[in-house]
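Working notes, beginning with the structure itself.
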Amino acid sequence: MLKLSRGPFLRYTALIIITSSLFSYETEARLLHPNDRHNPNSISEPPSSSFSQSQPPSISPNPNDPSQSPSPCQDLDQKVVHDVRNYGAVGDGITDDTDAFKTAWDSACNNDEEDNTVSVLLVPLGFTFMIHSTIFTGPCRSYQYFQVDGTIVPRDGPESWPSGFNKRQWLVFYRIKGMALIGNGVIDGRGQKWWDLPCKPHRNVNKTTTLTGPCESPAALRFFMSSNLSIKGVTIQNSPQFHMTFDGCHEVHINSLRITSPPSSPNTDGIHIGNSNSVEIHNSVISNGDDCISIGSGSFNIDIRNLTCGPGGHGISIGSLGNQNSRACVSNVTVRDSFIKFSDNGVRIKTWQGGSGSVSDVTFNNIQMDTVRNPIIIDQYYCTNKNCPNKTNAVFVNDIVYQSIKGTYDRRSPPMHFGCSNSVPCANLTLSDIDLVPSKGEMVVDPFCWNAYGVVDEFSVPSISCLKHDPSTLLLGGLLEECGVR
């Protein structure tokens with residue numbers, strides 16, 4: 001069947017020859033331009049943070065094959081392909097290709113072909129496209145493929161960031177209902193100049209003083225209020241701040257993703273999940289300078305499997321939660337069959353004093369550790385400076401299972417640290433088949449427990465004798481009801 005091109009020139013030709021019934025079918029813009037009535041900066045920001053293979057099948061012909069039609073749209077088995085070069089993108093890494101990407105997205109998103117067609121925005125192999133802070137918005141008329149086979153980069157550093165554009169985000173996908181980000185290409189955040197800002201947590205040459213100053217830095221990819229998302233195969237590297245965030249999202253499937261940045265890169269969380277649910281992260285590799293994965297408040301039904309985390313970074317974290325006396329709820333999180341190496345932390349739950357809510361129904365199963373400083377840690381006294389006052393309220397940590405956690409730890413810290421609130425104890429911790437030994441030497445460091453209640457189901461190394469038993473059921477019931485848990 002003939003597919004009408006959505007290219008900038010052929011669109012107007014098509015309007016002359018199509019039937020009159022289509023004249024009443026208005027096209028709604030699907031991408032926010034700087035001068036649109038929706039300013040990109042007007043979209044509400046996620047809660048601020050104080051601030052871890054199989055190849056997907058090709059869904060398009062070789063973009064460099066001269067036998068392929070140069071038309072912006074190619075009819076390919078019910079897939080309508082929009083090559084960004086055919087909308088004016090140059091791909092030399094110097095020219096600003098933002099407008100071409102915007103136009104290509106508009107065309108793909110407004111696809112009004114048969115119900116069984118999908119749109120493919122193609123970033124072709126062999127080219128580097130420079131685009132500035134951009135929001136791709138939906139919902140679209142068909143399922144979208146955003147296929148990255150080439151390289152996408154932003155302008156290099158804060159000095160070259162366009163004036164008036166949000167410095168907290170680079171590529172944003174907003175209100176998308178059905179999209180796959182796929183390909184074998186690279187999204188490179190060019191973060192070095194951002195990491196070198198004086199405000200970042202680096203020390204001076206004498207390593208005595210932490211410098212301060214303006215510190216806004218963009219997350220490379222942000223999915224906001226979107227659903228039915230699939231991410232597979234791409235590499236995301238060197239983000240100025242978080243590499244990928246999900247805010248208010250539902251049904252997210254991540255597979256065979258690679259995220260990399262230097263271990264010294266500050267605040268470069270691999271994947272941050274906030275106010276989102278039904279998220280799967282499978283068969284992926286994350287090596288960065290902060291949490292491989294961080295799970296924030298409002299998140300539930302999270303499944304992480306076969307993840308390689310490290311070298312470097314801070315491991316897999318739930319939190320931080322409860323900052324500025326806030327209420328936080330996280331539940332039904334599973335991390336299994338994963339490997340954490342040469343990291344500051346392994347599996348961590350971190351909360352601020354003064355918060356409320358709960359973390360419950362969390363399972364860490366079959367995790368291999370290699371030279372990890374804190375393999376198992378609950379820290380309810382999390383603080384980013386030395387001036388955090390003691391408070392009586394705390395996020396309730398309950399029903400946490402650690403099973404088959406094995407490997408080696410750095411002897412500078414205990415292999416298990418349960419630092420729970422004085423007034424709100426950790427409860428129902430279950431440990432079984434734990435085998436953690438020092439990476440160097442033979443001296444075993446004893447676990448640390450403070451106001452932590454739980455049981456050890458099997459013999460463990462090192463021996464765990466510091467857990468308390470049987471906290472007040474009345475206390476536990478009241479705390480669980482704060483997040484609607486029964």
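The values are calculated or read from the model by the stated rules, or taken from the named source; none is laboratory data. Keep in mind the model is a prediction, meaning the values are calculated, not measured. Cβ placement follows ideal geometry from the backbone for every residue including glycine, while neighbour counts extend to all protein chains displayed. Just the protein is used for accessible areas: all its heavy atoms, side chains included, with ligands, DNA and RNA removed. Shrake-Rupley method; radii C 1.70, N 1.55, O 1.52, S 1.80 Å.
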For region 319-346, enumerate the residues that are surrounded by fewer than 24 Cβ atoms within 10 Å (Cβ to Cβ) and in a loop (DSSP other than H, G, I, E, B). Ser326, Phe342, Asp344
If you go through region 249-259 one residue at a time, do you hit one that is more than 17 Å from Leu181 (Cβ to Cβ) and either small (Gly, Ala, Ser) or surrounded by 21 or more Cβ atoms within 10 Å (Cβ to Cβ) (or both)? no
Look at Lys102 and say whether it is open to solvent by 50 Å² or more (accessible area, probe 1.4 Å), farther than 21 Å from Val252 by Cα and either assigned to a loop (DSSP other than H, G, I, E, B) or of a type in the set (Lys, Arg) (or both). no
So the check is Cβ under 8 Å with 6+ separation or different chains; which pairs have a first residue in region 144-173 that's more than 25 Å from Asp196 (Cβ to Cβ) and a second one that's part of a strand (DSSP E or B) and open to solvent by 40 Å² or more (accessible area, probe 1.4 Å)? Tyr145/Lys79; Gly150/Thr128
Would you pick out the residues in region 167-208 that are aliphatic (A, V, I, L, M), surrounded by 15 or more Cβ atoms within 10 Å (Cβ to Cβ) and modelled with pLDDT under 95? Leu197
Restricting to region 110-138, and then to whatever is open to solvent by 30 Å² or more (accessible area, probe 1.4 Å) and at pLDDT 95 or above, can you tell me which residue is farthest from Gln78 (Cα to Cα)? Thr128
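For every residue, the table says whether it meets (1) buried (at least 20 other Cβ atoms within 10 Å of the Cβ); (2) among the hydrophobic types (A, V, I, L, M, F, W, C); (3) modelled with pLDDT of 95 or more; (4) out of contact with any strand residue (DSSP E or B) (no Cβ under 8 Å at 6 or more places or on another chain).
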{"residue": "Asn385", "(1), (2), (3), (4)": "no, no, no, yes"}
{"residue": "Pro389", "(1), (2), (3), (4)": "no, no, no, no"}
{"residue": "Val401", "(1), (2), (3), (4)": "no, yes, yes, no"}
{"residue": "Ile405", "(1), (2), (3), (4)": "yes, yes, yes, no"}
{"residue": "Arg411", "(1), (2), (3), (4)": "no, no, no, no"}
{"residue": "Val424", "(1), (2), (3), (4)": "yes, yes, no, no"}
{"residue": "Ile434", "(1), (2), (3), (4)": "yes, yes, yes, no"}
{"residue": "Glu442", "(1), (2), (3), (4)": "no, no, no, yes"}
{"residue": "Val445", "(1), (2), (3), (4)": "no, yes, no, no"}
Read through the list (1) of a type in the set (Val, Ile, Thr); (2) assigned to a loop (DSSP other than H, G, I, E, B); (3) modelled with pLDDT of 95 or more, then give the number of the only condition that Ile349 fails. (2)
Consider region 308-318. How many of its residues are buried (at least 24 other Cβ atoms within 10 Å of the Cβ) and assigned to a strand (DSSP E or B)? 4
In this structure, is Ser297 open to solvent by less than 10 Å² (accessible area, probe 1.4 Å) and either modelled with pLDDT of 95 or more or at negative phi (or both)? no
